[in-house]
Every structure is written in structure tokens, then in C-alpha cells.
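Here the structure is laid out as C-alpha cells; the discussion comes afterwards.
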Amino acid sequence: AKDAGRNTTRFFNPAMQAAIESRMALETALRQALVGDELQLFYQPQVDQDGCCIGAEALLRWRHARDGLISPAEFIPLAEETGLILPIGQWVMDTACAQLKIWETQAHCRSWQLAVNISARQFHQPDFVTQVRSSLDRSGANPQRLKLELTESVVLENAAEVASRMQQIKALGVGFSMDDFGTGYSSLSYLKRLPLDQLKIDQSFVRDIATDPNDAAIVRAILAMSQSLGIDVIAEGVETEEQRAFLHANGCHLFQGYLFGKPRPINEWTLCTSI
Ligand code: C2E
Ligand code: CA
Ligand code: CA
Ligand code: CA
């Protein structure tokens, strides 16, 4: 019995204990961030081949009182695990739609759109369609100007159900973009079945596009395929003129990346200066 007791206490070593405690502390802090107004949306411009701003992507930030700005890469996975992504996602949608309503009166570009990231767990909520509709109703924003970015993990399972849910949201006027395209493991056959408006080429393919023949080949294949399916393509993570020129030469005419503008808070944002 003595040995067994020792074994059980040894199961949690100090490193594991510390990891569990810091995870719990992060979860508690994230809960407080939501009610304590510490979450904020940044906006990054999306441009066309003339450099004209045709939209923006809303990117979540956490302004931690002590630790400063925390990247979503650090807390979105935990938020997904704990379910906190649901109230957070709702807050993002409401905030983005409210901002969209303000922008609508200023945007000259007819097709100007705001893209919002949706996590798999959020999309699969039974009342997700209602949530999107309610956010739009509350804000009074034009649904045509809203675009939801899904990752391949969203569409991995239950393709028929995903397609029907997407159709319901499309019926509201909202568009869809497939984020991080090319990094998932799902079959490409879903492209035919899902009502997608746009594919977003992942930045991992863009990074070395001008020097790595494999990345260049993948990007060319994505562009050819999307062209035949009649789906728009935007490249993310475009940082250099060389990358932009290469993409453009291969038929990609929409871009997002530091070359055109970093994600910025709303008070540092100017809408479509090039219009
Ligand atoms: P993502 O949706 O793929 O967003 C693109 C990421 O690339 C953003 O990181 C953006 O700041 C960064 N980025 C933009 N341009 C460049 C560039 O030229 N070079 C490089 N190296 N990076 C660039 P961020 O803002 O840290 O967001 C990370 C991820 O967190 C996002 O990846 C998205 O998956 C997730 N995320 C962000 N906001 C939300 C949200 O509101 N809801 C959900 N569910 N996920 C979000
Ligand atoms: Ca995204
Ligand atoms: Ca992405
Ligand atoms: Ca990404």
C-alpha cells in the first residue's frame, strides 16, 4: 500500500504539475479577459492587383493587463478545448459586424468585405446559423459584406451537414473563404460540394514561392483548380514585392500581408486610402 501510494503521488511530476497549473491560470485569466473588456479586434487590409483595399480580416488580440498583447496562437487552442471559444467567437462576430456597419458608410468599393475567422467548434454549434443572423440583425450590417473564414478542420467531418449549414448562411448573403488552404488533410472533393467563394493560399506556400519550385507548383495547381471551379483566390502572408509579382504572374490577384499592411487596431486604421 505504501508503494502504491508513492506511485500515485509520483504520477504527477513537478513539470506536469506546473503545466497544469499554468494552463488553469490561463483559462481563468481568459475568462476574465472576456468580461473585463481585454479582448480587441485588429484589422488587416486585403488588396487587389492595383493595391486597392477590397476588404479586411478581423484578427483577435488579448490585451493582458500585466503581460501586454497576447497572440491568438497562444490562447485560441485553449479557448477551443475549454469551450470558451463560443462566447469569444460570439463577441468577435458582434464586434466585427458593428464595425462593418460603421465602415459601410465609408467604403466606396462595392464589394468591400470584412472577413471573420470561425473555429470548428463554433461552426458546429447547433444554433450557429441563428447566431450569425442575430449578429447581423443587431448591427444592421449588410450580410453581403461579411465573409466567414473556415479552416479545413471545419469541413473534415460530416460533409453533407457542413454543406447544408453553409447553404443556410449563404442564403443570408454571407460569403465563405477556405483559410490556410493546402495545409489540411481533407480530400479536395469537398471543393465541389461546398459553397465557397474564395480559397486563401496559406502563408507557408507563399513564403518561399519565388525560390522553392515545390511551393510554386502547389500554388500554380491551386490557382488552376480554383479557376476551373470559379472560386476566387487570395494569398496570405505576402511580405515582399518578389512574392507579390510571382503570385500575380501566375494568376493570383488578391493579396494580404505585411507588404500591404499589418493588422492594426481600429483607431490606427484608415479605410481604402487608395480609393
Ligand atoms: P490566420 O487566420 O491564418 O491569420 C493569419 C495570421 O498571419 C495572423 O496572425 C496575421 O497577423 C499573420 N500575418 C498577416 N500577414 C502576415 C505576413 O505578411 N507575414 C507573416 N509572417 N504573418 C502575417 P495572428 O493575428 O497572430 O492570428 C493567428 C491565428 O489565430 C489566425 O491565423 C487564426 O487562425 C487565429 N485567429 C485570429 N483571430 C481569430 C478569431 O477571431 N477567431 C478564431 N477562431 N481564430 C482567430
Ligand atoms: Ca484567417
Ligand atoms: Ca490563414
Ligand atoms: Ca494560418
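The values are calculated or read from the model by the stated rules, or taken from the named source; none is laboratory data. What you see is a predicted model, and the numbers here were worked out from it, not measured in a lab. Cβ placement follows ideal geometry from the backbone for every residue including glycine, while neighbour counts extend to all protein chains displayed. Areas reflect the complete protein model, heavy atoms only, side chains present, ligands, DNA and RNA absent. Shrake-Rupley method; radii C 1.70, N 1.55, O 1.52, S 1.80 Å.
Let me confirm something: among Gln40, Gln131, Gln99, which residue is open to solvent by less than 50 Å² (accessible area, probe 1.4 Å) and within 25 Å of Val155 (Cβ to Cβ)?
Sole residue among the options that is open to solvent by less than 50 Å² (accessible area, probe 1.4 Å) and within 25 Å of Val155 (Cβ to Cβ): Gln131.
Please go through (1) in contact (Cβ under 8 Å) with a residue 24 or more places away in the chain; (2) over 17 Å from the mean Cα position of the chain (by Cα); (3) open to solvent by less than 50 Å² (accessible area, probe 1.4 Å) for Ile85 and return the number of the only condition it doesn't satisfy.
(2)
Quick check on my filter: what residues within segment 137-166 are modelled with pLDDT of 95 or more, charged (D, E, K, R) and within 18 Å of Phe181 (Cα to Cα)?
Residues satisfying the conditions are Lys147, Glu149.
What are the residues in segment 203-230 that are open to solvent by less than 20 Å² (accessible area, probe 1.4 Å) and outside any helix (DSSP H, G or I), if any?
Listed by number, the list holds a single entry, Ile209.
Could you tell me whether Leu172 is part of a loop (DSSP other than H, G, I, E, B) and open to solvent by 40 Å² or more (accessible area, probe 1.4 Å)?
yes
Please state which one of Ile218, Ile231 is closer than 20 Å to Ile54 by Cα, in contact with a helix residue (DSSP H, G or I) (Cβ under 8 Å, 6 or more places away or on another chain), without any contact (Cβ under 8 Å) to a residue 60 or more places away in the chain and more than 13 Å from ligand 1 (Cβ to nearest atom).
Matching residue, one of Ile218, Ile231: Ile231.
Just the residues that are open to solvent by less than 30 Å² (accessible area, probe 1.4 Å), within 16 Å of ligand 1 (Cβ to nearest atom) and farther than 25 Å from Cys109 by Cα, please, taken from segment 142-169.
Glu152, Val154, Val155
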